[in-house]
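Just below is one structure, and these are the notes that go with it.
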Amino acid sequence: MNEQRNLLPYWLTAPGMLVTLAFVALPLVLIFSLSLYPFVSGGGVGEQMTVANYADIFRDDYFHAIFARTFGMAILVTFLCIVIGVPEAYVLTRLSQRWRAVSVVIVLGPLLISVVIRTLGWAILLGNEGVINNLLLATGLVSEPIKIMFTFTGVVIAMVHVLVPFMVLAVWTSLQKLDPATEQAAQSLGAGLPTVLRRIVFPQVIPGVLSGGLIVFALAASAFATPAIIGGRRLKVVPTTIYDEFLGNLNWPLGAALAVVLVLIVLAVSMGVNRLVESRWKQVFV
């Protein structure tokens with residue numbers, strides 16, 4: 001009886017583990033193995049294993065620039081999501097139950113719409129003849145359309161809109177554990193709102209900020225649809241470069257090597273942030 005009881009958790013988690021192995025672990029292993037073979041001119045894969053693809057990535061300044069752009073964009077998007085998402089989550093917790101429900105639907109509503117559709121909406125807004133440029137021209141603030149489409153700035157704007165709900169969810173979860181009595185006690189002792197936010201609220205939501213930032217960073221670094229539509233063919237990031245290598249140049253081994261390097265960097269950042277959260281703010285979760 002004791003043996004059956006001890007095996008029960010394993011039997012319950014077995015289906016999920018099998019699905020993870022089949023649809024996550026196995027494809028990653030296949031991608032890694034493909035990256036260790038050379039590219040044969042004409043769209044083939046050689047037979048001898050080699051690390052030449054990784055050597056090309058680490059030697060070529062072209063790939064250095066693409067990785068720098070990708071992670072620079074991911075860091076900037078994460079920072080902007082924190083700046084927007086943290087106050088937004090705090091305001092949500094202070095609303096009445098009725099208005100909170102309405103506001104949550106507004107904040108999380110974009111997640112119910114395909115990321116491609118949302119990105120195409122931003123393409124309409126940001127184009128040279130889009131809504132934003134037409135308004136600026138009509139009001140006389142600019143004399144000619146501002147180029148936002150196919151720029152780094154345009155991609156960042158669209159990515160922030162796509163990913164900020166994830167930050168709001170993570171911070172809102174941390175705020176649910178915040179005792180309002182601590183804020184009231186600080187205010188009764190003469191602390192103003194800025195002091196309460198800086199000394200009481202923000203230190204307790206740092207784990208949520210870090211968790212949300214990790215999610216946003218990983219999604220931004222691996223995003224394909226938004227950079228491909230808003231950034232176009234000239235503004236290369238790692239996911240669009242992987243797509244081009246697989247389907248454009250038919251260089252599957254190099255595309256696989258780029259994917260492996262991207263996964264390893266994102267995984268290293270994720271593990272580092274998780275370790276920081278567990279070591280420094282573990283008491284918040286108790």
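Residue check: is T70 farther than 21 Å from A223 by Cα and either among the hydroxyl-bearing types (S, T, Y) or under 26 Å from the mean Cα position of the chain (by Cα) (or both)?
On the way: farther than 21 Å from A223 by Cα: no; either among the hydroxyl-bearing types (S, T, Y) or under 26 Å from the mean Cα position of the chain (by Cα) (or both): yes.
Here the answer is no, as T70 does not meet what is asked.
Checked against (1) under 27 Å from R59 (Cβ atoms); (2) in contact (Cβ under 8 Å) with a residue 60 or more places away in the chain; (3) of a type in the set (F, W, Y), W172 passes all but a single condition, namely (1). Only one of the numbered conditions (1) over 19 Å from the mean Cα position of the chain (by Cα); (2) modelled with pLDDT of 90 or more is not met by P227, and that is (1). Only residues that are without any contact (Cβ under 8 Å) to a residue 60 or more places away in the chain, under 20 Å from L264 (Cα atoms) and small (G, A, S) were counted across the range 220-245, and they come to 1.
Beta carbons closer than 7 Å, at least 6 apart along the sequence or on distinct chains, pair a first residue in the range 205-219 that is polar (S, T, N, Q) with a second that is in a helix (DSSP H, G or I) and open to solvent by 10 Å² or more (accessible area, probe 1.4 Å) for S211/A170; S211/V277.
Output the number of residues of the range 120-150 satisfying the condition of being of a type in the set (D, E) and touching a Pro at 6+ places or on another chain (Cβ under 9 Å). So that I can check it myself, show each step before the final result.
We begin by selecting, within the range 120-150, every residue of a type in the set (D, E); these are 129, 144.
Then keep just the ones that are touching a Pro at 6+ places or on another chain (Cβ under 9 Å); that gives 129.
Counting residues in the range 120-150 that are of a type in the set (D, E) and touching a Pro at 6+ places or on another chain (Cβ under 9 Å) gives 1.
Would you list the helices (runs of 4 or more DSSP H) that sit entirely within the range 184-248 and hold 1 or more residues that are over 20 Å from I57 (Cβ atoms)? Working first, answer last.
Values: elements: 193-196, 202-221, 238-243.
By residue number, 193-196, 202-221.
No other residue among L219, L197, L250 is modelled with pLDDT under 80 and open to solvent by 20 Å² or more (accessible area, probe 1.4 Å) apart from L197.
Candidates are the residues of the range 36-56 that are in contact (Cβ under 8 Å) with a residue 40 or more places away in the chain and under 29 Å from the mean Cα position of the chain (by Cα); the one that is surrounded by the most Cβ atoms within 10 Å (Cβ to Cβ) is N53. Being under 27 Å from V261 (Cβ atoms), at pLDDT below 85 and among the hydrophobic types (A, V, I, L, M, F, W, C) holds for only one residue in V51, V19, V40, and it is V40. For T151, the criteria (1) of a type in the set (S, T, N, Q); (2) at pLDDT 85 or above; (3) touching a Leu at 6+ places or on another chain (Cβ under 9 Å); (4) more than 26 Å from S222 (Cβ to Cβ) hold in every case but one, which is (4).
Given the structure, is V277 in a helix (DSSP H, G or I), over 25 Å from V115 (Cβ atoms), modelled with pLDDT under 90 and open to solvent by less than 20 Å² (accessible area, probe 1.4 Å)? Working first, answer last.
Values: in a helix (DSSP H, G or I): yes; over 25 Å from V115 (Cβ atoms): yes; modelled with pLDDT under 90: yes; open to solvent by less than 20 Å² (accessible area, probe 1.4 Å): yes.
Criteria met by V277.
Taking every residue in the range 117-128 that is over 10 Å from T226 (Cα atoms) and pairing it with any residue that is surrounded by 15 or more Cβ atoms within 10 Å (Cβ to Cβ) and of a type in the set (A, V, I, L, M), at least 6 positions away or on another chain, the pairs with Cβ-Cβ distances below 6 Å are L125/I132; L126/I148; L126/M149; G127/M149.
The values are calculated or read from the model by the stated rules, or taken from the named source; none is laboratory data. Small disclaimer: the values here were computed from a predicted structure and weren't measured. All Cβ positions, glycine included, derive from the backbone under ideal geometry; neighbour counts span all protein chains shown. These area figures cover heavy atoms from the full protein model, side chains too; ligands, DNA and RNA do not enter into them. Shrake-Rupley method; radii C 1.70, N 1.55, O 1.52, S 1.80 Å.
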